[in-house]
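Below is one structure, written out as structure tokens; the observations come after it.
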Number of protein chains: 2
Amino acid sequence: MSKGHVLLAHGSGGKLSHDLIQDVFLRHLSNPVLDVQDDAAVWTPALLPGTRLALTTDSYVVQPLFFPGGDIGKLAVCGTVNDVAMVGAKPLYLSASFILEEGFELSILESIVQSMKSSAEEAGVEIISGDTKVVAHGEADGLYISTTGVGLLDPELKIGGAEAKPGDMVIISGTIGDHGIAVLEARGELGFQSNLESDIAPLNHLVTAMLSASKNIHVLRDPTRGGVATALNEISRQSGVGIILEEDSLPIQPAVAAACEMLGFDPLYIANEGKLLAIISQEDVENVLAVMRKTRYGENAVVIGVVEDSPHGRLLLRTGLGSTRIVDVLAGEMLPRIC
Amino acid sequence: MSKGHVLLAHGSGGKLSHDLIQDVFLRHLSNPVLDVQDDAAVWTPALLPGTRLALTTDSYVVQPLFFPGGDIGKLAVCGTVNDVAMVGAKPLYLSASFILEEGFELSILESIVQSMKSSAEEAGVEIISGDTKVVAHGEADGLYISTTGVGLLDPELKIGGAEAKPGDMVIISGTIGDHGIAVLEARGELGFQSNLESDIAPLNHLVTAMLSASKNIHVLRDPTRGGVATALNEISRQSGVGIILEEDSLPIQPAVAAACEMLGFDPLYIANEGKLLAIISQEDVENVLAVMRKTRYGENAVVIGVVEDSPHGRLLLRTGLGSTRIVDVLAGEMLPRIC
């Protein structure tokens, strides 16, 4: 049996999260679909040959509930829509389950539900099933939301973390770190006024545009908890490749760079909620960038790196000075309850 | 906007739960699938004509986490499997999302995950997607689990809360109130030793057997939170019929009856987690009872009432003395965190 206790870092998306998934969840629940460990599970029901469905679930515990650019409701819809989209599936339906703390204001709950409605409309999905539980005062922190998304997938597509190939290019759809720093500011932990907003957005329409421009999109992933560094580390491991980032190519807003410098954070580990990483055959990169840049959430898309044969399972950063360093998985906890 | 604050009774499954769903959730999120308000949502994806899928979600916050007959993990699998089965669908896949409190023992988490695995195996479903979030000590009570279930449905079937018809009979698959009283005992609130166990069980195989015996099963529902009284009140409203229960027919274990008498509870409102109500054409009742009684979880199945044309939307109880009283929806909170 596992020893010890749950630490905040078990929820960081970093090394301890990975260990918890391996040692507790995968160890007991292992099956071919779960073991793939992409953003959404993809399966073909035995009774529906030729059909591929995607399923993904997330709980949202962000604190505070409202922050510049969004709230927990918008996050709970977009986060799950995006996970469905990251396997190339078209998100169709969501379920939503609420854990409410006794004493929570109903008017705030209503605002959050309205926000979920707006985001669902923008994404073109419907919330078709729900549940509410109430726990006593002091047994939760306001409210937590769990959403699950179901999507439908073109049987021809093969997009996943294990599909990156040497020679592919790595694209990011826009600036990194906006969500994490906006939430920090809402917590009053920034120490200055950044005017930053979270980037939360539904990315499924962006993915649809990208899929229309290329049949050679190998990996899609939204770098949420743990940021770009964690997402690319996972992909390098899943694909058994090396990924090399160019530091000077990383799009970072000045306020995010300033906040990270002040607080000692690396923007590569800061959560995003409206960005995607795409790993694509080199010959299609210009086509894909062109369609991305015509969309609302992809206008700042750029190439930030390349996939190489080695070092296997490693993410490297080539700095502006030409040196190269390993960017490892996050070992501890950086920002609890960021999503 | 809604006024006031969340009360424990908003989670009871009774009148306040109903109001919260209507005034906050359905008011903003209304759509034809969500509005049906059965145990699981049923839909046909536009891209898959002829296919009917079922989706349902629940959060589980039961306290304590372990109790005679089960634990929160078994509950999180069986509860969601049963909701899928209650629309006549075959449950296929589950997702599971965990909210863990910092400091929670990893060995306990592992026991709960093992229990989920056993229940999933018994039900014949796989857990294919998951998520873990961690909140600080004092921001949750150990752990909460949200599960979502996906199932596949025979396109010919029409089972739902609105399908009860005058002349139908009401069947219960076994004794009522076992889960609620077992959890109360585990909390040390019973005052005597009952030796009761929760009835938690996956009911999908029982449903499959019933469907093989009759094409005239109109309603299936598992009387969980709020018990038999709440479930039948909902059905009487959805179908616009009156339902008349025969008090002397209700199967109740002596220990449950004794506990209810001591504590002033009505067993009709106590939660069950391994029982189903079925509303069936009179001519098929004997066939259905015969197959139910051959199964592990249906061996004590009996008829407990009939559906009549009136009073519309009302549940009545005919007592052993021949008098009849209205059994209303639960107004307050009886047992918080029962599931």
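When you go through B:Ala290, B:Ala258, B:Ala271 one by one, which is the residue that is in the same structural domain as B:Glu185 (by TED's automatic domain parsing) and touching a Ser or Thr at 6+ places or on another chain (Cβ under 6 Å)?
Within the list B:Ala290, B:Ala258, B:Ala271, the selection yields B:Ala271.
Among the residues of the stretch B:267-290, write down those that are surrounded by fewer than 16 Cβ atoms within 10 Å (Cβ to Cβ) and either in contact (Cβ under 8 Å) with a residue 12 or more places away in the chain or under 15 Å from the mean Cα position of the chain (by Cα) (or both).
Those that are surrounded by fewer than 16 Cβ atoms within 10 Å (Cβ to Cβ) and either in contact (Cβ under 8 Å) with a residue 12 or more places away in the chain or under 15 Å from the mean Cα position of the chain (by Cα) (or both): B:Gln282, B:Glu283, B:Asn287, B:Ala290.
Just wondering, is there one or more residues in the stretch B:297-307 that are more than 21 Å from the chain's Cα centre (by Cα) and farther than 24 Å from B:Ile181 by Cα?
Keep residues of the stretch B:297-307 that are more than 21 Å from the chain's Cα centre (by Cα), which gives none.
The answer is no; no qualifying residue exists.
With the structure loaded, tell me whether A:Thr175 is among the polar types (S, T, N, Q), in a loop (DSSP other than H, G, I, E, B) and modelled with pLDDT of 95 or more or whether it fails that test.
On the way: among the polar types (S, T, N, Q): yes; in a loop (DSSP other than H, G, I, E, B): yes; modelled with pLDDT of 95 or more: yes.
Answer is yes for this residue.
Starting from residues that are within 7 Å of chain A (Cβ to nearest Cβ) and over 18 Å from A:Ser129 (Cα atoms), keep the ones in the stretch B:1-41 and report whichever is most open to solvent (accessible area, probe 1.4 Å).
By that ranking, first place goes to B:Lys3.
Which residues, taken from the stretch A:236-278, are farther than 16 Å from A:Met334 by Cα and assigned to a loop (DSSP other than H, G, I, E, B)?
A:Gly240, A:Val241, A:Leu250, A:Pro251, A:Ile252, A:Gln253, A:Glu273, A:Gly274, A:Lys275, A:Leu276
So, in the stretch A:160-184, exactly how many residues are out of contact with any helix residue (DSSP H, G or I) (no Cβ under 8 Å at 6 or more places or on another chain) and over 27 Å from A:Ala123 (Cα atoms)?
Within the stretch A:160-184, the first condition is being out of contact with any helix residue (DSSP H, G or I) (no Cβ under 8 Å at 6 or more places or on another chain), and the residues that meet it are A:166, A:174, A:179, A:182-183.
Restricting the remaining residues to those that are over 27 Å from A:Ala123 (Cα atoms) gives A:166.
Total meeting the criteria: 1.
If you go through the stretch B:113-143 one residue at a time, how many are in a helix (DSSP H, G or I) and under 18 Å from A:Ser97 (Cβ atoms)?
Of the residues in the stretch B:113-143, 1 are in a helix (DSSP H, G or I) and under 18 Å from A:Ser97 (Cβ atoms).
Quick check on A:Ala162: is it open to solvent by 10 Å² or more (accessible area, probe 1.4 Å), aliphatic (A, V, I, L, M) and more than 29 Å from A:Met292 (Cα to Cα)?
Spelling it out, it is not the case that A:Ala162 is open to solvent by 10 Å² or more (accessible area, probe 1.4 Å), aliphatic (A, V, I, L, M) and more than 29 Å from A:Met292 (Cα to Cα).
Looking at A:Glu185, A:Glu189, can you tell me which residue is in contact with a Pro (Cβ under 8 Å, 6 or more places away or on another chain) and open to solvent by 10 Å² or more (accessible area, probe 1.4 Å)?
Details: A:Glu189 fails: in contact with a Pro (Cβ under 8 Å, 6 or more places away or on another chain).
After ruling out the rest, the residue left standing is A:Glu185.
Being open to solvent by 50 Å² or more (accessible area, probe 1.4 Å) and at positive phi is the filter here; which residues of the stretch B:230-266 pass it?
If the condition is that a residue be open to solvent by 50 Å² or more (accessible area, probe 1.4 Å) and at positive phi, then B:Gly264 is the only one that fits.
Let's see how each residue does on (1) polar (S, T, N, Q); (2) touching a helix residue (DSSP H, G or I) at 6+ places or on another chain (Cβ under 9 Å); (3) within 14 Å of chain A (Cβ to nearest Cβ):
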site: B:Lys294; (1), (2), (3): no, yes, no
site: B:Ala301; (1), (2), (3): no, yes, no
site: B:Leu315; (1), (2), (3): no, yes, no
site: B:Ile326; (1), (2), (3): no, no, no
site: B:Val329; (1), (2), (3): no, yes, no
site: B:Cys339; (1), (2), (3): no, yes, yes
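Where residues in the stretch A:96-126 are closer than 23 Å to B:Trp43 by Cα and among the aliphatic types (A, V, I, L, M), which of them is farthest from the other protein chains (Cβ to nearest Cβ)?
Among them, the one singled out is A:Ala123.
Among the residues of the stretch B:44-64 satisfying the criterion of being crowded, with 22+ Cβ neighbours inside 10 Å and not polar (S, T, N, Q), which is farthest from A:Ala140 (Cα to Cα)?
B:Leu53
Restricting the search to the stretch B:324-339, which residues are of a type in the set (Gly, Ala, Ser) and open to solvent by less than 60 Å² (accessible area, probe 1.4 Å)?
Correct list: B:Gly332 only.
Could you check how many residues of the stretch A:139-170 are over 16 Å from A:Ala85 (Cα atoms) and of a type outside the set (D, E, K, R)?
So the answer is 12.
Tally time: how many residues in the stretch B:127-143 are buried (at least 20 other Cβ atoms within 10 Å of the Cβ) and within 7 Å of chain A (Cβ to nearest Cβ)?
11
In the stretch B:69-87, which residue that is closer than 27 Å to B:Leu211 by Cα and open to solvent by 10 Å² or more (accessible area, probe 1.4 Å) is nearest to the other protein chains (Cβ to nearest Cβ)?
First, the residues of the stretch B:69-87 that are closer than 27 Å to B:Leu211 by Cα: B:74-87.
Imposing the further condition that a residue be open to solvent by 10 Å² or more (accessible area, probe 1.4 Å) reduces the set to B:74, B:83.
Values: B:Lys74: 14, B:Asp83: 9 Å.
Only one residue fits best here, namely B:Asp83.
Which ones in the stretch B:280-339 are within 19 Å of B:Gly174 (Cβ to Cβ) and among the small types (Gly, Ala, Ser)?
Within the stretch B:280-339, B:Ala290, B:Gly298, B:Ala301, B:Gly305 qualify.
How many residues, within the stretch A:302-339, are under 30 Å from A:Phe66 (Cβ atoms) and either small (Gly, Ala, Ser) or free of Cβ contacts under 8 Å to residues at least 12 places away in the same chain (or both)? Reasoning before the result, please.
The first filter runs over the stretch A:302-339 and keeps only residues under 30 Å from A:Phe66 (Cβ atoms), leaving A:330, A:332-339.
Add one more test, that the residue is either small (Gly, Ala, Ser) or free of Cβ contacts under 8 Å to residues at least 12 places away in the same chain (or both), and what stays is A:332.
The number of residues fulfilling the criteria is 1.
Would you confirm whether any residue within the stretch A:149-164 is within 10 Å of chain B (Cβ to nearest Cβ), touching a strand residue (DSSP E or B) at 6+ places or on another chain (Cβ under 9 Å) and β-branched (Val, Ile, Thr)?
Yes, the stretch A:149-164 has at least one match.
The values are calculated or read from the model by the stated rules, or taken from the named source; none is laboratory data. For clarity, every value in this text was computed on a predicted model and none was experimentally measured. Note: ideal-geometry Cβ built from the backbone for every residue, glycine included; neighbour counts use all protein chains shown. The area values use the complete protein model at the heavy-atom level, side chains included, leaving out ligands, DNA and RNA. Shrake-Rupley method; radii C 1.70, N 1.55, O 1.52, S 1.80 Å.
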